[in-house]
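Each remark here refers to the structure printed beneath this line.
The values are calculated or read from the model by the stated rules, or taken from the named source; none is laboratory data. A quick note: this is a predicted structure, and the numbers were derived from the prediction, not measured. Here the Cβ is made from the backbone with ideal geometry for all residues, glycine too, and neighbour counts use every protein chain on show.
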Amino acid sequence: MNDDIDGVMAVMAAAFDPAFGEAWTRRQVEDTLLLPGTACLVAGPTGDPPAADDPVTGFALTRCVLDEEELLLLAVQPRWRGRGIGRQLLQRVIANAQQRDVARLFLEMRDGNDAQRLYAKAGFAQVGRRPAYYRRGSGGPFDAITCAMSIPPLLSPKYDD
């Protein structure tokens, strides 16, 4: 996992604009991954998990409690954007949540985040707003947008008795 964290931190440094103060430190990522129910998915150049020699081009960090999950962070290296990697990561997050019988998936983002279109296409809808929530960095304050989507249960096969 250490190699993955190195890759995650490289993506983090490149993907998050310092003006907004949204990037996490290595310590924050490592500490979060120690908590029960957290997971980090990494993507290579195709959006799938990277092969041994592939660079980490994106990642998604999630936290699950009971039947609800939160997408804490999703990022793609700027030079790899526009290739569907973010969409594939999000699809993997949703599929994993569905496998664990998660009923709802939540996320929070800065209003104006370019990823809003990605999340809306995936089925997320705004459920809340926190005015002037993001105050760090030189670009604030910005509202936080809270979004959620329902995760359909996996269809179980029907057996005739």
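When Lys158 is tested against (1) at pLDDT 95 or above; (2) of a type in the set (Lys, Arg); (3) over 26 Å from Ala13 (Cβ atoms), only condition (1) is not met.
Any residue in the stretch 140-151 that's in contact (Cβ under 8 Å) with a residue 24 or more places away in the chain: show its pairings with residues that are of a type in the set (Val, Ile, Thr) and not in a strand (DSSP E or B) at Cβ separation under 7 Å, as long as the two are six or more apart or on different chains. Short answer, once both residue conditions are applied: Ile151/Ile94; Ile151/Val102.
Step by step: first the residues of the stretch 112-142, then only those that are in a strand (DSSP E or B) and at pLDDT below 90, then the one that is surrounded by the fewest Cβ atoms within 10 Å (Cβ to Cβ). Which residue is that? Steps first, answer last, please.
First, pick out the residues of the stretch 112-142 that are in a strand (DSSP E or B): 125-134, 142.
Remaining after also requiring at pLDDT below 90: 132-134, 142.
Details: Ala132: 10, Tyr133: 16, Tyr134: 20, Phe142: 21.
Residue satisfying both the conditions and the ranking: Ala132.
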